[in-house]
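Structure record follows, encoded as structure tokens.
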Amino acid sequence: EMAKSSQLLDNEALRAYATYATIVLLKMMLMSLITAYFRITRKAFVNPEDAASFGKGEGAKKYLRTDQDVERARRGHLNDLENIVPFLGIGLLYALSGPELSTALMHFRIFAGSRIFHTLAYLIPLPQPGRGLSWAAGYAVTISMAYKVLKTVLYL
Amino acid sequence: EMAKSSQLLDNEALRAYATYATIVLLKMMLMSLITAYFRITRKAFVNPEDAASFGKGEGAKKYLRTDQDVERARRGHLNDLENIVPFLGIGLLYALSGPELSTALMHFRIFAGSRIFHTLAYLIPLPQPGRGLSWAAGYAVTISMAYKVLKTVLYL
Amino acid sequence: EMAKSSQLLDNEALRAYATYATIVLLKMMLMSLITAYFRITRKAFVNPEDAASFGKGEGAKKYLRTDQDVERARRGHLNDLENIVPFLGIGLLYALSGPELSTALMHFRIFAGSRIFHTLAYLIPLPQPGRGLSWAAGYAVTISMAYKVLKTVLYL
């Protein structure tokens with residue numbers, strides 16, 4: 001029985017999906033570390049119990065504040081969630097819908113590249129339309145995969 | 001090998017899942033465009049590099065502000081994430097758990113309808129309990145699918 | 001055809017994944033109810049149409065405010081999203097990658113335990129590093145599963 005389900009991952013389009021899905025999820029997880037890094041170096045916390053590790057009483061209270069770098073990392077993280085969740089679902093169904101391998105690879109590579117570039121554009125930050133275009137590239141390939149999925153499986 | 005994994009999508013419950021999952025993800029992705037539309041028409045940005053496209057120096061600074069319509073669209077988007085992520089995971093496992101096709105279709109249709117109605121109720125906005133009830137319908141069918149999954153596969 | 005896809009769930013690692021994924025998603029969904037409970041008991045709303053259920057005119061306006069307990073529940077919910085989404089994707093691919101059953105169970109159990117403890121640590125709240133360590137445990141097992149997935153399927 002083990003064989004049956006791991007045969008799934010013999011399919012090259014699914015292996016490519018598994019690779020790129022894992023990469024973009026790891027990239028998204030990195031945002032947690034970046035946010036934590038900015039919170040600690042900028043001493044900018046939202047929970048009193050977190051600030052308490054860096055000062056006592058009134059000393060801790062002044063660390064309960066917002067910081068531009070922390071907020072920027074958090075917005076990048078939320079934008080990842082908003083875009084990577086559709087990729088995870090639609091990308092899996094697309095990989096199962098029997099796409100040409102080269103076409104599938106192109107979609108996955110553009111998506112992963114767009115999210116990595118989006119994060120750099122957000123954190124550096126780059127002037128617009130850098131971040132906007134990188135967002136749009138990932139959005140467009142997700143729509144393209146959704147179209148293929150619906151064309152292949154539509155069952156309302 | 002291609003055949004083996006795309007056979008997955010020969011299953012009608014899985015095809016129905018693929019269809020409705022793609023629809024609700026596309027609807028969620030639409031929230032990004034709605035937020036962008038309100039940001040641009042209301043001139044309400046959070047990143048200085050975004051505001052800079054609409055004015056220079058002090059002119060740009062005044063566009064760094066919150067706007068009720070933008071915030072409303074963002075709340076709708078976050079509510080989508082909070083509810084569509086459980087549907088994606090639980091719905092896939094439910095579709096794999098061998099449900100009656102007609103029962104599965106009923107669950108998926110109610111969920112998709114509830115999320116579309118929720119967005120309309122949030123953006124118009126409709127008086128309560130319109131939005132609350134649409135949220136509850138999607139929540140309830142997700143719980144119902146989770147129950148079927150756990151009953152079928154429980155392995156702790 | 002029904003048989004073919006539900007055979008997937010004959011695989012014990014996949015059944016374990018299905019069980020723990022459903023549990024953590026239900027736990028995440030619970031955050032919506034906890035937020036709603038605090039909003040209603042603290043009378044702290046963000047949408048005018050929600051506050052209107054609890055007072056009229058100026059009476060309703062005073063309920064448009066933030067509340068520490070509501071915000072705490074919302075932060076716990078967002079942290080769930082940020083961490084459970086990677087688990088859903090990476091965990092599924094990991095379960096398909098043919099792991100040892102006992103190793104897989106250990107990963108899934110630590111993840112589920114870490115998220116349940118994280119929520120308790122956030123809501124009580126526990127002093128740090130309680131919440132931090134529970135977050136790190138879930139993060140670490142997700143990285144470990146991602147490593148196994150990439151080692152098994154890498155296809156760039």
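The values are calculated or read from the model by the stated rules, or taken from the named source; none is laboratory data. Just so it is clear, the structure is predicted and the values come from calculations on it, not from any experiment. Note that each Cβ is placed from the backbone with ideal geometry, even for glycine, and that neighbours are counted across all protein chains shown. Note: accessible area is taken over every heavy atom of the protein model, side chains too, but ligands, DNA and RNA are not part of it. Shrake-Rupley method; radii C 1.70, N 1.55, O 1.52, S 1.80 Å.
Once C-alpha pairs closer than 8 Å and six or more residues apart are averaged by separation and normalised to the residue number of region B:1-102, the relative contact order reads 36 percent.
Per residue of C:58-71, how many C-beta atoms from partner chains lie within 10 Å of its own C-beta, taken as a mean?
Per residue, the number of nearby Cβ atoms from other chains is 0 on average.
Over chain C, the pair-distance histogram of Cα-Cα distances with 5 Å bins from zero comes to 2, 9, 16, 16, 14, 12, 10, 8, 6, 5, 3, 1, 0 percent, rounded to whole numbers. Each listed q (0.12, 0.17, 0.25 Å⁻¹) maps to a log10 I(q)/I(0) for region B:28-89, found by the Debye formula over equal Cα scatterers with no solvent: -0.35, -0.59, -0.95. A Förster radius of 41 Å, combined with the Cβ-Cβ distance separating A:Gln68 from C:Lys62, puts the computed FRET efficiency at roughly 0.85.
Across region A:83-129, Cα-Cα pairs more than 17 Å apart make up 43 percent of the total. Summarising the amide proton neighbourhood of A:Leu64: residues at separation of 5 or more, or on other chains, whose placed amide H is nearer than 5 Å comprise A:Phe45.
Fully extending the segment from B:Ala136 to B:Leu123, taken as 0.36 nm per residue of separation minus the present Cα-Cα distance, adds 2.9 nm. For the protein assembly as shown, the share of accessible area belonging to carbon and sulfur comes to 63 percent (1.4 Å probe, ligands and nucleic acids excluded).
Counting only protein heavy atoms, probe 1.4 Å: which residues of region C:123-147 lose 50 Å² or more of accessible surface in the full assembly compared with their chain by itself? Buried on complex formation: C:Gln128, C:Tyr139. Dividing the Cα radius of gyration of region B:66-156 by 2.2 N^0.38 Å, with N the residue count, gives 1.22. Region B:12-61 and region A:42-100 have Cα centres lying 18 Å from one another. First select every other residue whose beta carbon is under 12 angstrom from the beta carbon of C:Arg74; then total the charges, Lys and Arg +1, Asp and Glu -1. Value of the local net charge: -1. Here is the size of region A:111-156 from its Cα atoms: Rg then Dmax, 14.0, 45 Å. Looking at the P(r) of the protein assembly as shown, how many percent of alpha-carbon pairs lie beyond 42 Å? Result: 14 percent of Cα pairs exceed 42 Å.
Taking every C-alpha pair closer than 8 Å and separated by at least 6 residues, the mean separation divided by the residue count of region C:64-156 gives a relative contact order of 38 percent. Among residues other than A:Leu64 with Cβ under 15 Å from its Cβ, the summed charge is +3 (Lys and Arg +1, Asp and Glu -1).
Magnitude of the charge dipole for region C:1-136, about its Cα centre and with charges confined to Cβ atoms of Lys, Arg (+1) and Asp, Glu (-1), is about 620 debye. Ellipticity at 222 nm from helices only: DSSP H runs of n ≥ 4 in chain B, each -39500 (n - 2.57), divided by the residue count, give -26000 deg cm²/dmol. Rounded to the nearest 0.05, what FRET efficiency is calculated for B:Leu26 and A:Asp10 with R0 set to 35 Å and r the Cβ-Cβ distance? So, using R0 = 35 Å, E works out to roughly 0.70. The label-point distance for C:Thr41 and B:Arg42, in a model that sets each label 7 Å from Cα toward Cβ, rounds to 3.2 nm. Structure note, pairs A:Lys43/B:Lys62; A:Lys27/C:Lys27; A:Lys27/A:Lys148; A:Lys62/C:Lys43; A:Lys27/B:Lys151; A:Lys61/C:Lys62: Cα-Cα distances above 30 angstrom occur for A:Lys27/B:Lys151. With R₀ set to 22 Å, the beta-carbon distance separating C:Ile143 from A:Ile116 gives a calculated FRET efficiency near 0.75.
Residue by residue along C:35-42, Cβ atoms of other protein chains within 10 Å of the local Cβ number 0 on average.
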